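Nothing in this text is a laboratory measurement; each read-out follows from the coordinates by a stated rule. The shown structure was predicted, so the numbers you read here are calculated from the model rather than taken from an experiment. Cβ sites come from the backbone with ideal geometry, for glycine too, and all protein chains shown count toward neighbours.
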Amino acid sequence: MTGQPCFVRVTGTLGTRFVQFEFAIGDPELSVDLVMQFDQFHEFCERHNATHLSAEEGARLDYERMKWRYGQPGIDH
């Protein structure tokens with residue numbers, strides 16, 4: 001719908017009813033945190049044709065965020 005690729009990364013669940021996830025448009029490094037019921041989440045992903053990030057892609061994002069958050073000098077790709 002946006003003309004740009006959309007991405008989701010599941011970050012957790014709240015009981016058996018809700019899923020926590022990050023949603024990004026265009027760049028997976030710029031995301032918002034959302035919580036939805038599982039059925040709403042599946043519909044949301046379909047509507048936005050969202051790509052689910054792999055565990056490896058999620059780990060890379062976490063690594064990049066740690067570099068920015070903690071300002072570790074000498075850490076590079």
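Summary of values
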item: Isotropically averaged projected area of the chain, using the convex hull of Cα atoms (one quarter of hull area), nm²; result: 5.8 nm²
item: Cα-based helix-to-principal-axis angle, 55-70 vs the chain, degrees rounded to 10; result: 50 degrees
item: Net charge of Cβ neighbours under 14 Å - reference E57; Lys, Arg +1; Asp, Glu -1; result: -3
item: The chain, dipole about Cα centre (Lys/Arg Cβ +1, Asp/Glu Cβ -1), debye to the nearest 20; result: 160 debye
item: Crossing angle, helix 38-47 versus the chain [Cα axis fit, 0-90 degrees, rounded to tens]; result: 80 degrees
item: Unit charges at the beta carbon, dipole of the stretch 6-70: most positive-side option, N49, W68, G26; result: W68
item: Calculated FRET efficiency for the pair T13/R65, C-beta based, R₀ 25 Å, to 0.05; result: 0.75
